[in-house]
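The values are calculated or read from the model by the stated rules, or taken from the named source; none is laboratory data. Note that the structure is a prediction, hence the values are computed from the model and not measured. Heads up, the Cβs are rebuilt from the backbone with ideal geometry, glycines too, and the neighbour counts pull from every protein chain shown. Ligands, DNA and RNA are stripped out before the accessible areas are found, and what is left, the full protein with its side chains, is counted by its heavy atoms. Shrake-Rupley method; radii C 1.70, N 1.55, O 1.52, S 1.80 Å.
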Amino acid sequence: MNVFKEFFELPAEDKVSVYSNNLKRPCRLYTSSSNYDHENVHLWRDNLRHPCHPLEDCIKIWPQKPTRYREIVATYSIEAKKLGLRILELLSEGLGLGSGFFGDKLSESSLLSVNHYPPCPDPSLTLGVSRHCDPNLLTILHQGDEYGLQGFKDGEWIGVEPLHNAFVVNIGHQLQIISNNKLKSAEHRAVTNSRVARTTAAFFINPSDDCVIEPDKSLIDTNESPAYRPFQFKEFLLNYSSLMGNPEKCLEPFELHA
Ligand SMILES: O=C(O)CCC(=O)C(=O)O
Ligand SMILES: [Fe+2]
């Protein structure tokens with residue numbers, strides 16, 4: 001995590017080359033959300049994000065400072081991907097799907113999203129990240145040593161205790177869809193605090209843009225019908241960003257009602 005903290009501590013002139021509000025720039029640093037003009041609550045955070053696959057191509061667009069950034073983050077992204085694939089393999093075994101089910105296109109792409117929440121003078125007026133479920137297949141989140149992540153359960157926001165060197169694993173919307181709602185993606189958000197800066201790193205395992213997502217036939221019980229229509233992952237992402245991840249609405253266009 002240190003290299004991420006070091007990145008955000010760099011003077012502005014060292015970060016300006018990656019700063020951009022252009023959503024099409026694959027590697028970018030920005031403040032608040034991608035939707036600053038339309039968001040209801042401005043977010044108290046900076047976010048650095050970039051793709052990690054294929055590594056040889058992506059690494060060339062990653063930040064060049066701190067000087068160790070590329071080397072450390074390359075190793076981190078390889079290990080996070082390995083861990084994610086191992087968890088997906090166990091989930092596929094648990095669901096009764098064949099070995100390698102989540103390999104290839106379903107988990108081809110990956111994105112690293114690093115959040116930096118500076119101390120906030122009045123945390124009651126803002127959020128770190130608004131309520132959402134992750135749009136991807138699986139997230140490997142390192143939340144550092146500070147509280148801030150909350151999950152929504154039984155009508156309440158519950159703090160997720162930061163455990164030193166532990167990851168939080170989030171089921172994304174795509175895993176919920178493929179499993180025909182057998183696995184549920186967890187709604188979460190991040191709050192800020194007035195004491196210390198908090199830096200977190202979310203490694204998103206994503207399907208490739210053109211990958212077709214649909215409930216797997218073997219997971220639709222005989223008394224059930226598919227809960228979602230087939231779609232390409234890029235269609236989901238477009239809709240997700242236009243709805244700013246609203247967890248009530250972002251599945252709607254893909255739902256089938258029996
Ligand atoms: O910073 C956190 O604890 C959560 C971040 C998050 O949910 C995300 O980046 O999707
Ligand atoms: Fe998230």
* **Restricting the range 1-38 to residues that are open to solvent by 40 Å² or more (accessible area, probe 1.4 Å) and aromatic (Phe, Trp, Tyr), the residue that is farthest from ligand 1 (Cβ to nearest atom)** => Tyr19
* Just for the range 134-155: of the residues that are surrounded by fewer than 20 Cβ atoms within 10 Å (Cβ to Cβ), not charged (D, E, K, R) and not in a strand (DSSP E or B), which one is nearest to ligand 1 (Cβ to nearest atom)? -> Tyr147
* Residue list for the range 117-163, restricted to those being of a type in the set (Phe, Trp, Tyr) and either away from ligand 2 (no atom under 14 Å from the Cβ) or under 14 Å from Pro247 (Cβ atoms) (or both) -> Tyr147, Phe152, Trp157
* Asked: Quick one: Arg131 ticks every box in (1) more than 16 Å from ligand 1 (Cβ to nearest atom); (2) more than 26 Å from Arg70 (Cα to Cα); (3) open to solvent by 30 Å² or more (accessible area, probe 1.4 Å); (4) not aliphatic (A, V, I, L, M) bar one, so which box is it?
  -> (1)
* To do: Examine the range 100-122 for a residue that is under 26 Å from Val196 (Cα atoms), away from ligand 1 (no atom under 16 Å from the Cβ) and in contact (Cβ under 8 Å) with a residue 12 or more places away in the chain, and state whether such a residue exists.
  => yes
* To do: Answer with yes or no whether Ser208 is within 15 Å of Leu138 (Cα to Cα), more than 13 Å from ligand 1 (Cβ to nearest atom) and open to solvent by less than 30 Å² (accessible area, probe 1.4 Å).
  => yes
* To do: Return yes when Ile140 is farther than 25 Å from Lys5 by Cα and aliphatic (A, V, I, L, M) and no when it is not.
  => no
* Considering each of Ala166, Ala258, Ala186 in turn, give the residue that is more than 29 Å from Leu127 (Cβ to Cβ) and assigned to a loop (DSSP other than H, G, I, E, B). => Ala258
* Failed item in (1) closer than 22 Å to Ile78 by Cα; (2) open to solvent by less than 10 Å² (accessible area, probe 1.4 Å), with Ser109 passing the rest -> (2)
* Asked: For the range 93-114, how many residues meet the condition of being among the hydroxyl-bearing types (Ser, Thr, Tyr) and either part of a loop (DSSP other than H, G, I, E, B) or within 16 Å of ligand 2 (Cβ to nearest atom) (or both)?
  -> 3
* Asked: With (1) within 16 Å of ligand 2 (Cβ to nearest atom); (2) touching a Pro at 6+ places or on another chain (Cβ under 8 Å); (3) open to solvent by 50 Å² or more (accessible area, probe 1.4 Å) as the list, and Val169 as the residue in question, which single condition is left unmet?
  -> (2)
* **Considering residues of the range 175-203 that are open to solvent by 20 Å² or more (accessible area, probe 1.4 Å), in contact with a Pro (Cβ under 8 Å, 6 or more places away or on another chain) and hydrophobic (A, V, I, L, M, F, W, C) only, the residue nearest to ligand 1 (Cβ to nearest atom)** => Val191
* To do: Determine, yes or no, whether Pro226 is in a loop (DSSP other than H, G, I, E, B) and touching a Pro at 6+ places or on another chain (Cβ under 7 Å).
  => yes
* Asked: When you go through (1) open to solvent by 30 Å² or more (accessible area, probe 1.4 Å); (2) part of a helix (DSSP H, G or I) one by one for Arg49, which number turns out not to apply?
  -> (2)
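Conditions (1) outside any loop (DSSP other than H, G, I, E, B); (2) modelled with pLDDT of 95 or more; (3) open to solvent by 60 Å² or more (accessible area, probe 1.4 Å), marked per residue:
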residue	(1), (2), (3)
Asn40	no, no, yes
Cys58	yes, yes, no
Ala80	yes, yes, no
Leu85	yes, yes, yes
Leu88	yes, yes, no
Leu91	yes, yes, no
